[in-house]
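Here's the structure we're looking at; comments come further down.
Derivation of every value follows stated rules applied to the coordinates shown; laboratory data play no part. Quick caveat, the model's predicted, so the values are computed rather than measured. For neighbour counting, all protein chains shown are included, and Cβ atoms are generated from backbone atoms with ideal geometry for every residue, glycine included.
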Amino acid sequence: MNRAPATIGDIAELVRSKNAGPFWLTIDIFCATNHDYNTIAAPNVITADRIAGLYRVDATTIKIYRLAHLLVVKVSFPRPTTQGGVRDRDIHAGQQHVPLMRLPLTVEPI
């Protein structure tokens, strides 16, 4: 029995996070096909409000780039703590993609 993909991680080719300088974090979502890209890049799937809820950041600081020619969606926002600072628990930001990877593709009604 086939079921529809439930999360970004279910259909993305690769989801990764990394530093974008010492003060910003970037998460890249790579897709293998136009269909996968269009599903993930849909305006209601990745929104500033949804990212803000996942990462507890101000929605007005979030930047979302939809790069159809590369089949990539890029999300950037300020790091919660400066890279290498005393409170930094992931100096390379290599584990920060997991919440976004688990983000449901559909928005549940309130």
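List pairs: first in region 51-80 and within 15 Å of L100 (Cα to Cα) and touching a residue at least 12 places away in the same chain (Cβ under 8 Å), second part of a helix (DSSP H, G or I) and among the hydroxyl-bearing types (S, T, Y), Cβ under 7 Å, 6+ apart or cross-chain?
F77/Y55; F77/T61
Filter region 25-40 for residues that are buried (at least 16 other Cβ atoms within 10 Å of the Cβ) and over 11 Å from the mean Cα position of the chain (by Cα) and give the result.
If we filter region 25-40 for residues that are buried (at least 16 other Cβ atoms within 10 Å of the Cβ), which is where we start, we get 25-31, 36-37, 39-40.
Hits for region 25-40 are C31, D36, Y37, T39.
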